[in-house]
Amino acid sequence: MRVLSIGECMAELSPTKTPGEFRLGFAGDTFNTAWYLAKIAPGIQVSYMTAVGDDDNSERMRHFMRKSGICDKHVRVIRDRTIGLYQIHIHNGERSFTYWRGQSAARQLAQDPAALKRAMDSADLIYFSGITLAILDEQSRKSLFSSLRRMRQKGRVIAFDTNLRPRLWTNSQDMIDTIMHAAGFADIIMPSFEDEAEWFGDASPRATLDRYKQAGADRIIVKNSDQSVTYFDHGTYGEVAVEAADDAIDTTAAGDSFNAGVLAEILGQNDLEQGILQGCALARQVVRQSGALVDVRRTVRGCDTL
């Protein structure tokens, strides 16, 4: 099976145990999912599509991708550009971020329709997020949507994490309208209830699920922090209990790793509940460590915090 993940990978400054000291790494929501998927499912061919600059940090990023088992064939290099940068701040296990991404090359990742076609034609499953959409200009979004529509018509699976980040959008209405438009191209949608409730006014995870069901998705998995995961799977509704991780030290990439666990099991032809359990097991390992990309193993021992 072949997976193409589309979005922005950035340079990451994450705090170490020494106050005031930071470690340089590379991460970003759709890249994190690609990285965890490559780590736990080596039988799946994982590729990443983005755009980078022609500077040293961009080349270090591509080297890191290849070293991690992620194909960088579909990474565009744009002259005189560079990659975005963000810094993680941790307080009581919860994270916040400071970003420097205004001139990131990734904003141009969808400006070449032919490159989009080549990348998507090489994949069985295509994964993108609300952040992927937020960094693109209107014409690039249209190009991406056109390619997604074509691929879905050809029977490829489209997976979408809504990942609502209002600060990246011109205004909240633009975000809401674009997210719902994008949902219409997806077979699998993986929203987080807390964000959906805030911006769409959903009263419950089931309300979130039903709204995206109306958009036409076959599978919807609603994450809800340490509450039950609510899902819809080809006409069947269900819930999977979540055990809170009281020992969490950093929730960065918890949802991204969860998504990787779900997708790995779906691609392995396992049922969705098994995928949710796998995603929870991965997320629990991630929140116990610092940084977006950490050592994990593929194992299902029950469902933990997302």
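Restricting to region 250-301, give me the number of residues that are closer than 17 Å to I126 by Cα and either surrounded by 23 or more Cβ atoms within 10 Å (Cβ to Cβ) or touching a helix residue (DSSP H, G or I) at 6+ places or on another chain (Cβ under 8 Å) (or both). Give the derivation first.
Filtering region 250-301 down to residues closer than 17 Å to I126 by Cα leaves 256-269.
Still in the running and either surrounded by 23 or more Cβ atoms within 10 Å (Cβ to Cβ) or touching a helix residue (DSSP H, G or I) at 6+ places or on another chain (Cβ under 8 Å) (or both): 256-266.
Here the count works out to 11.
Of the residues that sit in region 11-66 and are assigned to a strand (DSSP E or B) and of a type in the set (F, W, Y), which one is surrounded by the fewest Cβ atoms within 10 Å (Cβ to Cβ)?
Among those residues, the one meeting the criterion is F22.
For L144, which of the numbered conditions (1) of a type in the set (A, V, I, L, M); (2) without any contact (Cβ under 8 Å) to a residue 40 or more places away in the chain; (3) in a helix (DSSP H, G or I) fails to hold?
With respect to (1) of a type in the set (A, V, I, L, M); (2) without any contact (Cβ under 8 Å) to a residue 40 or more places away in the chain; (3) in a helix (DSSP H, G or I), L144 is out only on (2).
Go through region 164-188 and report how many residues are assigned to a loop (DSSP other than H, G, I, E, B) and surrounded by fewer than 21 Cβ atoms within 10 Å (Cβ to Cβ).
6
Among the residues of region 259-285, count how many are without any contact (Cβ under 8 Å) to a residue 60 or more places away in the chain and not polar (S, T, N, Q).
Going through region 259-285 one residue at a time, the tally reaches 12.
Can you spot a residue in region 155-163 that is surrounded by fewer than 18 Cβ atoms within 10 Å (Cβ to Cβ) and either modelled with pLDDT of 95 or more or of a type outside the set (F, W, Y) (or both)? Spell out the reasoning first.
Going through region 155-163, the residues surrounded by fewer than 18 Cβ atoms within 10 Å (Cβ to Cβ) turn out to be 155.
Those left that are additionally either modelled with pLDDT of 95 or more or of a type outside the set (F, W, Y) (or both): 155.
Looking for residues that are surrounded by fewer than 18 Cβ atoms within 10 Å (Cβ to Cβ) and either modelled with pLDDT of 95 or more or of a type outside the set (F, W, Y) (or both), one finds at least one in region 155-163, hence yes.
Condition test on P191, is it crowded, with 18+ Cβ neighbours inside 10 Å, in contact with an Asp or Glu (Cβ under 8 Å, 6 or more places away or on another chain) and at pLDDT 95 or above?
Taking the combined requirement at face value, the residue satisfies it.
Got a sec? Which helices (runs of 4 or more DSSP H) wholly within region 193-304 have at least 1 residues that are among the hydroxyl-bearing types (S, T, Y)?
Values: elements: 193-200, 205-214, 254-267, 272-287.
Ranges flagged: 205-214, 254-267.
Which of the residues spanning region 71-82 are in contact with an Asp or Glu (Cβ under 8 Å, 6 or more places away or on another chain) and outside any strand (DSSP E or B)? Walk me through how you get there before you give the answer.
Filtering region 71-82 for residues in contact with an Asp or Glu (Cβ under 8 Å, 6 or more places away or on another chain) gives 76-82.
Selection gives I78, R79, D80, R81.
Being of a type outside the set (D, E, K, R) and farther than 21 Å from N32 by Cβ is the filter here, so list the residues in region 149-168 that pass it.
M151, Q153, G155
I'm told C71 meets every condition in (1) buried (at least 17 other Cβ atoms within 10 Å of the Cβ); (2) under 28 Å from R167 (Cα atoms) except one. Can you identify the failing condition by its number?
Every condition holds for C71 apart from (2).
The values are calculated or read from the model by the stated rules, or taken from the named source; none is laboratory data. Just so you know, these numbers come straight off a predicted model, no measurement behind them. All Cβ positions, even for glycine, are placed from backbone atoms using ideal geometry, and neighbour counts span all protein chains on display.
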